[in-house]
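Asker: Below is the structure I would like to discuss, written out as C-alpha cells.
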Amino acid sequence: MEGTAVAVCEILKYLIIHWKCETAGVSKGALLEGQLVISIEALNSKHQANTLHCVTTIAFAGSIYGGLISKKFLKEMQSILLRFSTKLNWTSEEASYSQDISGVTPFQMIFEVDEKPRTLMTDSLIIKNFLRKIVMVHPKIRFNFSVEVNGILSTEIFEAENEPTLNLSNGIALVINSQHYVRPKFGTTGLLCIRIHPVLGQPVVLFIPDDVAGMGLLGELILTPAAALCPCPRAFSNHLSRISSVSIFLYGPSGLPLILPSQEQPTTTVFKDTSYFIDWKKYHLCVVPNLDLNLDRDLVLPDVSYQVESGEGDQSLHMDPQGQTLLLILFVDFHSGFPVQQMELWGVHTLLTTHLSAILRESHGVVQDSIQAAVDQALEQHHQAAMAADTQELGAKLHKSFHEITQHRFLHHCSCEVKQQLLPEKNDAESTEDAHENSSLELLAGTSGQVENKRLKKGSLRQVVKETQAFYSARRPSASEGARHCTEPPEASLTPSGSRAGPGRSQEDALWLQEVSNLSEWLSPDP
C-alpha cells in the first residue's frame, strides 16, 4: 500500500469516527451529512528524476460543525500521518488561530509526499474505491475528489443522497441501487427492478481470541450479515439467470471499510477457504477465489470475490452466461453500555484490520449459522424466480391453446351449415380440423401435468376462460329472439355471424361451455 492512499484513507476514517462521536451526542442514529474535498496536486520533482511531488489537501466544504475542529484532533492526526512517512504541513491559517482560546480551527490538512507516476495512479484508484465504499453506507456524505498532474486536472464527485437506501442500526444506511454493484448486462437497460433486496442475518457476538484480547475493550463486537442477489431476480422476468459470482464486503464500526483494495492482507485470509462459512454444495454451486485485482472500474469493488465455475445436479442455475452476483455484506459493530469514545473506536478499527480473520475463526460456528441463514433466504428468491419463469412459459402455452380452440370453434360454427349443405358427409378437411382441435386439447391436457406442485399465476388464464364464456353466452338468443326463431324452420336459424346453424348445435354449445366451466374451476385458487 502506497503513502498517499493510506494517509488519505486513514485521515478520512479518523475524521468520520470523530464526526460520528460528535453527532452521537446530538442525535443518536442520525446519518452523517456534509461535504469533504480531497485534492492532490502533483508536479515534477526538482530533486528526483521520474518522480512527482504530491501535495494533498483534505478540507470540509460548507458548514460542518461550523467548519471548525479541535486542535487536539489535528495533533492526533499528525501522529497518525507520521506512521506513513509523510511530511505534514499545517495550513497558514492555523497560525492566526494559535492564540484563540476557543481551541478550535477550520479543518484543513495538507501533507506532502514524493511518488512515482504509476504509484500515484494506483493511489488515486484506491482512494476512489474507498470513497465509493463510504458513500454506500453514508449516502448523505459528498466527496469532491480531484487530481491535478502537471496542470492536467481530473475531478470526480462521489455521492448517493438521492439513491434508495435500507436504514441499518447505528446511523448508517445501505444504498440498494444495484447499478453501484454490478454493471448493467446487455439487454437489461429497462430492468423491472433496479434495487437489491438485502436479507439481514441474525446479529451474533464475536469471540476475541486470548492472544489478541489484551485490548481492554469494554464492550462487544457484533456481526450482522446481509445477503442479496444483484440484479434483482425480477429483472429477469423472461428467463432464469444463473449465479455467476459472489462479492463480499467488510465494514467495521461507524460504517467504515475494514480493508483497502491492495495486495494480500491478513484481514481476508479466512476467506481463502471458500466453503468456510457457506456450504455451496447445498445450492449445487462450485466457487473459486477470483484473483482479478483490476481497480479501474466504476463500481464498488468487493473485498473478497468468488467466481462460480460449475454446478452440480441442478442445471437450471446455468441458463444465462451473464449471470447474477450474490452480494454478502458483513457489518461488524462495537456495542458498549457507555458512550463510546473516539480513541476507543479507533482502537477497535485497529484490532479488526489486524485480527479480523482470527476473530472470525474463533467465532466460526455462530458466524457460519448467521451467514448461511441470510444466504439461504437470498437464494430462495432465485428459486422463486425459476418457478416464475416456468409458470410464465406454461401460461403462454395455455393461452395459445385456448386461442386456437376458441378460434376453430368460432370458424366451425360460422361455416357449419354451408358445409352441411354442400358436403352432407364428413370430408377429409373437416377431419383435419377436428384433429387440429383435438391436438390443441391434448396439448392443454399435457401442459396441465406441468403445474403440479407449482403456484400458478392464474389470473390471465382465468381471463381467457371468462372471455370464452362471455363469447358463447353472447351467442345465446334472448327469450323474444328464441320465440321468433321457433317459428322458422330449424334450417333457417341464424348464428350471430349470420350463418345458419344445424339443429344439434345448441346441445354441442352447452357441452363446450361445460368443458370451459370445468377448466375454469380447475384454474380457480385452492380453497
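Asker: Counting only residues that are at pLDDT 90 or above and not aliphatic (A, V, I, L, M), which one in the stretch 304-334 is most open to solvent (accessible area, probe 1.4 Å)?
Answerer: GLN307
Asker: Moving to a separate point now. Consider the stretch 96-124. How many of its residues are part of a helix (DSSP H, G or I) and modelled with pLDDT under 80?
Answerer: Count: 2.
Asker: Before we move on, is VAL147 modelled with pLDDT of 95 or more and in a helix (DSSP H, G or I)?
Answerer: So VAL147 fails the test.
Asker: Oh, and also: Of all residues in the stretch 273-296, which are farther than 30 Å from SER169 by Cβ and either without any contact (Cβ under 8 Å) to a residue 40 or more places away in the chain or touching a helix residue (DSSP H, G or I) at 6+ places or on another chain (Cβ under 8 Å) (or both)?
Answerer: Hits for the stretch 273-296 are LYS281, HIS284, LEU285, CYS286, VAL288, PRO289, LEU291, ASP292, LEU293, ASN294, LEU295, ASP296.
Asker: Quick test of your reading of the structure: GLY337 fulfils all but one of (1) in a helix (DSSP H, G or I); (2) surrounded by fewer than 20 Cβ atoms within 10 Å (Cβ to Cβ). Name the failing condition by number.
Answerer: With respect to (1) in a helix (DSSP H, G or I); (2) surrounded by fewer than 20 Cβ atoms within 10 Å (Cβ to Cβ), GLY337 is out only on (1).
Asker: Out of all the residues in the stretch 269-303, which are of a type in the set (D, E, K, R) and buried (at least 18 other Cβ atoms within 10 Å of the Cβ)?
Answerer: ASP303
Asker: Has the stretch 78-95 got any residue that is under 27 Å from GLY171 (Cβ atoms), surrounded by fewer than 15 Cβ atoms within 10 Å (Cβ to Cβ) and either at pLDDT 85 or above or among the charged types (D, E, K, R) (or both)?
Answerer: No - not one qualifying residue is present in the stretch 78-95.
The values are calculated or read from the model by the stated rules, or taken from the named source; none is laboratory data. All values derive from a computational prediction rather than experimental measurement. A quick note on method: Cβ atoms are made from the backbone with ideal geometry, for glycine too, and the neighbour counts reach across all protein chains shown. In case anyone asks, the SASA skips ligands and DNA or RNA and just uses the protein heavy atoms, side chains included. Shrake-Rupley method; radii C 1.70, N 1.55, O 1.52, S 1.80 Å.
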